[in-house]
Amino acid sequence: MLEEYGIKMVTIDLPFRLNHVNCFIGEGEHGIQVIDAGLHNEQTVKRWEKELAGKTVTDILVTHYHPDHFGYAGALQQKTGAQVSMSQIDAKAGLFAWQDDFLKDLSDNYQLAGISEDHANNMITNTKEFVPLVTPYPEINHYFEEGERLPIGKYEYEVIHTPGHSDGLVTFYNKEKNILLSTDHILPKITPNISYWFHGDPNPLGNYLKSLNKIKQLDVDLVVPSHGKSFYGGNERIDEIIAHHEERLETLLEGIRGGSTVYEASEALFQKKLTIHESRFAIGETLAHLEYLRLEDKCVRELVDGCYRYSS
């Protein structure tokens, strides 16, 4: 499907329940671009060696700073000498998210969320385990700007800032073919994780819903995501995702009527057994929804015995 656009999808395995990430190679008259890079592990290294054999990579385009997109970018840059581009917001986040200063704050954040010390320590350990999977860090040669146009494969794409899943996430849109490289902004089967951890933009869910409506104005035909298969009908999927979050917000409002910590509220939203890795996402997403409700004056937050309690 993507060959006519001069783009090849490179699906790289991930060691999680979400077991893959779609990265891309764009090949056109301006050179070869790699879009996202996967985790920095042996499996990823071998896969890119195979995919890029005999090719000269000019650019690595990083859509956002999360490990499965950003992780191998630095090592791949060292191997290829390619220029790395990403948004300035997420470039800073990527260079900060696994540093000691940030990791030290996690314990306080988890206490505010009402997480037990043992569980919090396991979550912090899990975060630290990502350090070798995201280093060495890339040198960022160019920061994406909203509305910037760049060639990817055979066509020119517009950079669109779509915050929510991360504060600096970008998508790439070609008007001529009405195609969106949606990265993690719009996915076909699951909804992107929208998390908040007392840093960055205070209302990521609000931003995400605005970003969805921003893309909705384009009435995109073909959506090419970073997880799952490409699909047609962007607006239909956007409506489904918005409805999903509205339902989650209603569930959360009901769940905090008697007062609830973030951790207690997350158990109401995520009722299946979660790994430690998944617990981090669940807590962050619950907090993002709670803060959205609070900022909409639909619930209140109090600090009680060292942790936040939300009530509607």
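The values are calculated or read from the model by the stated rules, or taken from the named source; none is laboratory data. Bear in mind the structure is a predicted one, so any value in this text is a computation, not a measurement. Here the Cβ positions follow ideal geometry from the backbone for every residue, glycine too, while neighbour counts run over all protein chains shown. With ligands, DNA and RNA removed, areas are computed over all heavy atoms of the protein, side chains included. Shrake-Rupley method; radii C 1.70, N 1.55, O 1.52, S 1.80 Å.
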- prompt: For segment 251-258, does any single residue satisfy the condition of being more than 20 Å from the chain's Cα centre (by Cα), closer than 30 Å to Leu39 by Cα, open to solvent by less than 50 Å² (accessible area, probe 1.4 Å) and of a type outside the set (Asp, Glu)?
  reply: no
statement: Restricted to segment 30-40 and to residues being on the phi < 0 side of the Ramachandran plot and in contact (Cβ under 8 Å) with a residue 40 or more places away in the chain, the residue farthest from the chain's Cα centre (by Cα) is His30
- request: Could you run through segment 4-29 and say how many residues are more than 20 Å from the chain's Cα centre (by Cα) and charged (D, E, K, R)?
  value: 4
task: Search segment 267-312 for residues being assigned to a loop (DSSP other than H, G, I, E, B) and basic (Lys, Arg), and hand back the single one that is surrounded by the most Cβ atoms within 10 Å (Cβ to Cβ).
output: Lys298
task: Evaluate segment 99-119: report whether one residue or more is closer than 29 Å to Ile7 by Cα and of a type in the set (Phe, Trp, Tyr).
output: no
message: Tell me whether segment 188-196 contains one or more residues that are part of a loop (DSSP other than H, G, I, E, B), within 15 Å of His289 (Cβ to Cβ) and modelled with pLDDT under 95.
response: no
task: Could you please tell me which pairs satisfy a Cβ distance under 6 Å, a separation of 6+ or placement on different chains, a first residue in segment 146-163 that is on the phi > 0 side of the Ramachandran plot, and a second residue that is crowded, with 23+ Cβ neighbours inside 10 Å and not β-branched (Val, Ile, Thr)?
output: Gly153/Gly26
query: Which residues, taken from segment 229-244, are open to solvent by 60 Å² or more (accessible area, probe 1.4 Å) and over 10 Å from Thr191 (Cα atoms)?
result: Lys229, Tyr232, Glu236, Asp239
- request: Can you tell me which residue within segment 26-40, out of those that are open to solvent by less than 10 Å² (accessible area, probe 1.4 Å) and out of contact with any Gly (no Cβ under 7 Å at 6 or more places or on another chain), is farthest from Phe70 (Cα to Cα)?
  value: Val34
Filter result for the condition that a residue is open to solvent by less than 70 Å² (accessible area, probe 1.4 Å) and either in a loop (DSSP other than H, G, I, E, B) or of a type in the set (Ser, Thr, Tyr) (or both), over Val224, Val220: Val220
- line: Among residues of segment 126-161 being among the aromatic types (Phe, Trp, Tyr) and outside any strand (DSSP E or B), the residue most open to solvent (accessible area, probe 1.4 Å) is Tyr137
query: If a residue has to be part of a strand (DSSP E or B) and touching a Phe, Trp or Tyr at 6+ places or on another chain (Cβ under 8 Å) to count, how many in segment 162-173 make the cut?
result: 3
query: Hey, does segment 98-109 have a residue that's in contact with a strand residue (DSSP E or B) (Cβ under 6 Å, 6 or more places away or on another chain), open to solvent by 10 Å² or more (accessible area, probe 1.4 Å) and touching a residue at least 40 places away in the same chain (Cβ under 8 Å)?
result: no
- prompt: From the set of residues in segment 41-65 that are in contact with a Leu (Cβ under 9 Å, 6 or more places away or on another chain) and touching a residue at least 40 places away in the same chain (Cβ under 8 Å), which is surrounded by the most Cβ atoms within 10 Å (Cβ to Cβ)?
  reply: Thr63
- line: Taking segment 9-23 and the residues there that are open to solvent by 10 Å² or more (accessible area, probe 1.4 Å) and part of a strand (DSSP E or B), the one that is nearest to Pro188 (Cα to Cα) would be His20
